[in-house]
Amino acid sequence: MAIMNIREAIVSTLHAEMERDSDIILLGEDVVGGNGTAGGPEAIGGIWGTSPGLWEKFGPERVIDTPISESAIIGAAAGAALAGKRPVAELMFADFVGVSLDQIWNQMAKFRYMFGGKTRCPAVVRLVYGAGMSTAAQHSQSVYAMLTAMPGLKVVLPTTPADAKGLLTEALRGDDPVMYFEHKTLYGVKGEVPEGEYRQRFGEARVVREGGDVTVIACGRMVNFSEKAADKLAADGIGMDLLDLRTTSPLDEDAILESVEQTGRLVVVDETPPRCSLAADICAMVAQRAFTSLKAPPQMVTAPHSPIPFARNLERAWVPSPQKVEEAVRRVLAFR
Amino acid sequence: MSGVVWDNWQKNTDGRATVQFNRDELLGAYRRMKVIREFEERLHEEIKTGEIAGFTHLYAGQEAVAVGICDQLTVEDMIVSTHRGHGHCIAKGCDVKGMMKEIFGRAGGLCKGRGGSMHIADLDVGMLGANGIVGGGAPQAVGAAIAARIDGKGRVGIAFSGDGACNQGTTFEAMNLAVVIKAPAIFVFENNHYSEHTGDAYAVGTSKDIASRAEGFGMKAWRANGCDFFETYTAFSELLEYVRAGNGPAAIELDTERYYGHFEGDPQRYRGKGEIDRIRAERDCLKAFRAKVVGAALLTDDDLDKVDAEVIAQIEEAVVEARADELPDPATVADDVYVEYY
């Protein structure tokens, strides 16, 4: 086991996989950086520091700096994937799906189905998402629910360095389009990462805590917030089953249902507004399939139905907090 | 401004010697154009029966473009097509019977009845897909070109676009990206003078010269009469040699005509009086081809009449087989969404 952070896990996985498979290419804005400047290429290595050294090692045909043209980035990835490559396309901010959604949703997600199951589109789109850095309404959003709703896409959200490696490797080895979400506040999170080849199967939630009194479902940064709540609740003798979904498509329904059937109490934490959210989706699934197990109405801990604000204190008010998770847990436990 | 033949189509040509065709090549090109024409003329009739569902956009009138271009490609070259894609599919080598079954929504269709007219693809012949989204394909052709360049075999990626798609931001982004990274991408603009129900004179700021947009993005562009197989072929042969030689992307604008409406059922109230009769009389690539090759004593009317009869029989057989083919099994409705879903 090596100790590294999520950023380092992503960089080392990209290096290792591009070394292993010459079909893997990387494209995006400033993934090299510095092209056409006095500073020269490799001046940046990715605005998030997630692609240093790749251009130098693999050359400009495989590591491609693009203009600010998100539709062209995703569309070129889709076309290259049809043509036999394994492109990794970087969206500097997940919010930019707004200017490239057609190529994700109407194109790469649907090729295989529309074309009668004869094609493969093994493209990985890396999307940097999440609030917490005061990047405001157009650079902070967690758009995974929207993409989770689209048949043909797989959606993964690593929360630990080990999962960052395991899920990215799995994405690059698979043959379907994968939306790989990187939370911008989690890049520095450190942890143990298995050495050598390491793949994390999709659709297998990570059991973060086993407590037995309440089931809490989360993904991304909300897992860490839920852990903080779990620590506080543990002091009062309340035990939390905490599941990190790892992937929202496919969704580990079995793990969710298994836990709810034992605890009878469900809280879903979601870093988005509530309507048509992942939280709503999971609550509906549980209501439909485990209704008789429930001892209390499922609770959603979400952001309000509003865009994401800029000011630090406003943003903190917007993001679901450990305290709100704690309150929701106490609410479902108090229900008779 | 429908029906205007470019008088400057030679402006960008390099004055190369005339391309020479042997008898088989001439017969083959005529046959492929005729297959497209008959496929579309027959669909126009079949759609009236109500048996074919959804939207169908016919390519009749534009055959010289698809065939004049695809006849010069290898199976390894990759094209992305449009909602008006039947002609590109046939010219690139998609199975005609499979296409007909697909459009009839049958299990034996090229896409098992999942795609329909607007979503026909066959990667085995380098046909990366028709596309229901106008302008959706151009970035994908650049991606195919990126892949082709890595493989180093001189392959190209080609985006067919119309005068409608030439207004989409995706097309602009794709052209710029291709120029920036010098990808072996080719942008084919088929100007049939209508984006849906609106004229190019209104909707395209550079309606007299779409190719100038490509030049504005920094690539070399050709122009040709898209209702003439030989002019299309000759101009494209120069372009293809240029791109295969590693000079980066290039574009070509073909002035052509759409004989039918935007979609089948379109009342075409936007057409001028007698316009369709006129373009069918004056701008028919099959008639022009016949006049040239018979006039030059390269082929006879009998040679071409024989092809016509064979093609009509071929399409009849395709329709009969499509009609007889079984419907897709509703139990398979959610199959083939993923290669693997776990």
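Couple of notes before you dig in:
- Gain on full stretching of the segment that runs from residue A:291 to residue A:323 - 0.36 nm per residue minus C-alpha separation: 8.8 nm
- For chain A, calculated [θ]222 nm from helices alone, where every DSSP H run of n ≥ 4 adds -39500 (n - 2.57): -10000 deg cm²/dmol
- For chain B: rounded, prolate or oblate by the Cα gyration tensor [a/c cutoff 1.5]: rounded
- Within 10 Å of the Cβ of each residue in A:118-125, the mean number of Cβ atoms contributed by other protein chains is 3.
- Note that the stretch B:211-220 has calculated 3J(HN,Hα) couplings of 4, 5, 5, 4, 4, x, 7, x, 10, 6 Hz, one per residue in order, obtained from phi through the Karplus relation 6.51 cos²θ - 1.76 cosθ + 1.60 (θ = phi - 60°); glycine and proline are x.
- Under-5 Å amide H pairs with residue A:155, H placed in peptide plane, nonlocal only: A:179, A:248, A:249
- Once backbone amide H atoms are built at 1.01 Å from N, residue B:162 has B:190 as its partners under 5 Å, excluding neighbours fewer than 5 places away on the same chain.
- Cβ-placed point charges (K, R +1; D, E -1), dipole of chain B about Cα centre in debye, nearest 20: 880 debye
- Selection from A:169, A:119, A:140, by position along the positive dipole direction of the stretch A:2-193 (Cβ): A:119
- A straight line joining the Cα centroids of the stretch A:266-336 and the stretch A:136-193 runs 21 Å.
- D by Stokes-Einstein for the protein assembly as shown, Kirkwood Rh over Cα pairs, 37 °C, 0.692 mPa s: 122 µm²/s.
- Column: log10 I(q)/I(0), Debye, Cα scatterers of the stretch B:229-318, q = 0.12 Å⁻¹: -0.65
- Cα Rg over Rh - the stretch B:90-155, Kirkwood: 1.05
- The stretch A:163-221: C-alpha gyration tensor shape, a/c 1.5 cut-off, then a/b vs b/c: prolate
- Straight-distance crosslink candidates among aspartates and glutamates, where the alpha carbon sits under 15 Å from residue A:190 and sequence neighbours closer than 8 are dropped: A:8, A:163, A:182
- Equivalent-ellipsoid semi-axes of chain A, from the Cα gyration tensor, Å, largest first: 35, 21, 19
- Total formal charge among the other residues, if their Cβ is under 10 angstrom from that of residue A:176, Lys/Arg +1 and Asp/Glu -1: +1
- Over the stretch A:206-334: Rg over Rh, Cα atoms, Kirkwood Rh: 0.95
- Phi to ³J(HN,Hα) by Karplus 6.51 cos²θ - 1.76 cosθ + 1.60 over the stretch A:289-294, Hz, x for Gly, Pro: 10, 9, 3, 6, 7, 6
- Note that the stretch B:289-295 has calculated 3J(HN,Hα) couplings of 4, 4, 4, 5, 6, 6, x Hz, one per residue in order, obtained from phi through the Karplus relation 6.51 cos²θ - 1.76 cosθ + 1.60 (θ = phi - 60°); glycine and proline are x.
- Structure remark: mean-square fluctuation, Gaussian network model of chain B, C-alpha springs under 10 Å; the largest value among B:297, B:121, B:145 belongs to B:297.
- Pairs from the list A:118/A:154; A:110/B:48; A:118/A:165; A:118/B:48 with a Cα-Cα gap above 20 Å: A:110/B:48; A:118/A:165; A:118/B:48.
- Between residue A:335 and residue B:321, the distance separating the two model label sites (each 7 Å from Cα on the Cα→Cβ line) works out to 6.0 nm.
- Shielding by partners - mean other protein chain Cβ count within 10 Å, residues of B:176-182: 5
- In range of the label at residue B:342: residues from the stretch A:150-178 whose backbone nitrogen is under 13 Å from the point 7 Å along Cα→Cβ: A:174-175
- FRET efficiency, residue A:275 to residue B:298 (Cβ-Cβ, R0 41 Å, nearest 0.05): 0.05
- Taking amide H positions as modeled 1.01 Å from N, with prolines and chain starts lacking one, the residues under 5 Å from residue A:295 and 5 or more places away or on another chain are A:265.
Each reported figure results from applying straightforward, stated rules to the coordinates on display, with no laboratory input. Here the structure is a predicted model, which means the values were calculated and not measured. Please note: Cβ atoms are built from the backbone with ideal geometry, for glycine as well, and neighbour counts cover all protein chains shown.
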